[in-house]
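The values are calculated or read from the model by the stated rules, or taken from the named source; none is laboratory data. These figures come from a predicted structure and were not determined experimentally. Methodologically, a virtual Cβ is constructed for each residue, glycine included, from the backbone with ideal geometry; neighbour enumeration extends over all protein chains shown.
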Amino acid sequence: MSGGTYTAGDGGKDGPMQIDDETLMALADGELDPARAEELRRAIAADPELQSRLHRFQETRRLLSGLRADPKGEDPLAAMIRRSATAAPTRIVPSPTASHAAGPRPVLPSGGTPLTAPARAPRRPANLNRRPWLAAAASAAIVAIGLGWWEWADAPAPRDFSPAELAALDALPSGQVQASDDGGELAMIASFRGLDGALCREYETAQRAVLACREAAGWTLRHAAVPEAAGQDYRPASGQGSMDDAIAAIGATAPLTPEEEAAALRE
Amino acid sequence: MDAAFAEALIALLPNLRRYALSLTRRADQADDLVQQTVERAIANAGSHDPAQRLEPWLFRIMRNGFIDQTRRQRSAGVQLDVHDMPEALPIDPTPALEARLMLRNVETAMAELHPEQREILHLVCVEEMTYAETARILDIPIGTVMSRLSRARLALSERLGIT
């Protein structure tokens, strides 16, 4: 391949023994500009020791290129990619080979049943159920967030709660989905009791996953994470730690049952 | 994503599979990583600058995905490594071929290297990334690419008995 024009080495002083390993390697890798490469080749031609040092770099490259084997037949993902090209621009297409195969949304059960995981200490409920929903929801979020070419900056998360989010926090039973302000959807995941007795709720929108707790002054943001890309996972918008950590931090033990949640929401 | 992008992505699937295997060293994890990378690439096709080569862009997506995955799996117990289980490797039906043997030696030597060295060797010598592209994929200065790569090359040549 055509390399860059990296100009390594010691410039004017071209005594053969001054040529370092990195310069020899750059020559073997075609990374030197032509003039410098030619100059080096002349020096190397007159010096068996340089030849032998260069040989190690040439030979390792040649041998490793053998690992670049020709593919046998078309890759199983090729058909999926072609389908995506003809589908909506940012649609994420599920594939049977994916361990996280995404299904059509929504898959959160309706009817106010919290998506409780088996009784385990603080734990994100519905971990398995949420992924497919995310995969679909995130496709919308990705457009907004985007990924700069070499720049994977975190998307800024909204600081507080939108009216729709507040309404959902106040009334939406866990396991249910409602329309959010931006035309997307908000899925209520679960409710918890903090150690101090405060009601805390976890929900997700296309933009973020949130843990909020109800305090005297109203709903307070305890944790927010933005999808990094393509709905694979959420990454904290600020600070460290995961949603699991945040839930553990409020001292929650297990998600509230539907009855407990309903009672808490009436408080 | 337009059709041209799709075909370019398809053409690079073998490269993605190789790099995924080099990173994860487990076939099942490599498959997942390729799948995830392709999904992210499709979702973010619009953010790829057509003036730039697609390969390093994809490799970087894959590498970041792998790092995230590793972070999540840190507490998931010990992962078995295919290279630690010789019997899990396919038996070479034609061991007499010197080239095959050498290839196998190279694979073994690569597997024994420090992951950092293996990764940079793979990107430059197998995937033929330039030093500048490698620096961007790995988020390190080009000088670091050269010093790390040079050490890795010498370590590999030592293991392979190249003098």
Give me the pairs: first residue in the stretch B:14-40 and at pLDDT 90 or above, second residue of a type in the set (A, V, I, L, M, F, W, C) and not in a helix (DSSP H, G or I), beta-carbon distance under 6 Å, and six or more apart or on different chains, which are they?
-> B:GLN35/A:ALA98; B:VAL38/A:LEU77; B:GLU39/A:ILE92; B:GLU39/A:ALA230; B:ARG40/A:ALA229; B:ARG40/A:ALA230
Test each condition in (1) under 20 Å from A:ALA249 (Cα atoms); (2) buried (at least 24 other Cβ atoms within 10 Å of the Cβ) for A:GLN207 and report the one that comes out false.
-> (1)
How many residues are assigned to a helix (DSSP H, G or I) and either more than 9 Å from chain A (Cβ to nearest Cβ) or polar (S, T, N, Q) (or both) when one looks only at the stretch B:38-55?
-> 3
Residue ID - farthest from B:TYR19 (Cα to Cα), chosen from residues in the stretch A:26-66 that are in contact with a Pro (Cβ under 7 Å, 6 or more places away or on another chain) and not small (Gly, Ala, Ser) = A:ASP47
Among the residues listed as A:LEU128, A:LEU134, the single one being loosely packed, with under 14 Cβ neighbours inside 10 Å, out of contact with any Ser or Thr (no Cβ under 6 Å at 6 or more places or on another chain), at pLDDT below 80 and in a helix (DSSP H, G or I) | A:LEU128
Going through the stretch B:10-34 in order, the residues found to be over 15 Å from the mean Cα position of the chain (by Cα) and facing chain A (nearest Cβ under 7 Å) are B:ILE10
Enumerated helices (runs of 4 or more DSSP H) restricted to the stretch A:17-83, each holding at least 1 residues that are of a type in the set (Asp, Glu) and more than 23 Å from B:VAL124 (Cα to Cα) | A:34-45, A:48-65
Scan the stretch A:71-91 for residues that are at pLDDT below 85 and farther than 18 Å from B:ALA30 by Cβ and jot them down.
-> A:SER84, A:ALA85, A:THR86, A:ALA87, A:ALA88, A:PRO89, A:THR90, A:ARG91
What residue, among those in the stretch B:135-163 that are of a type in the set (Val, Ile, Thr) and surrounded by fewer than 24 Cβ atoms within 10 Å (Cβ to Cβ), is farthest from the other protein chains (Cβ to nearest Cβ)?
-> B:ILE140
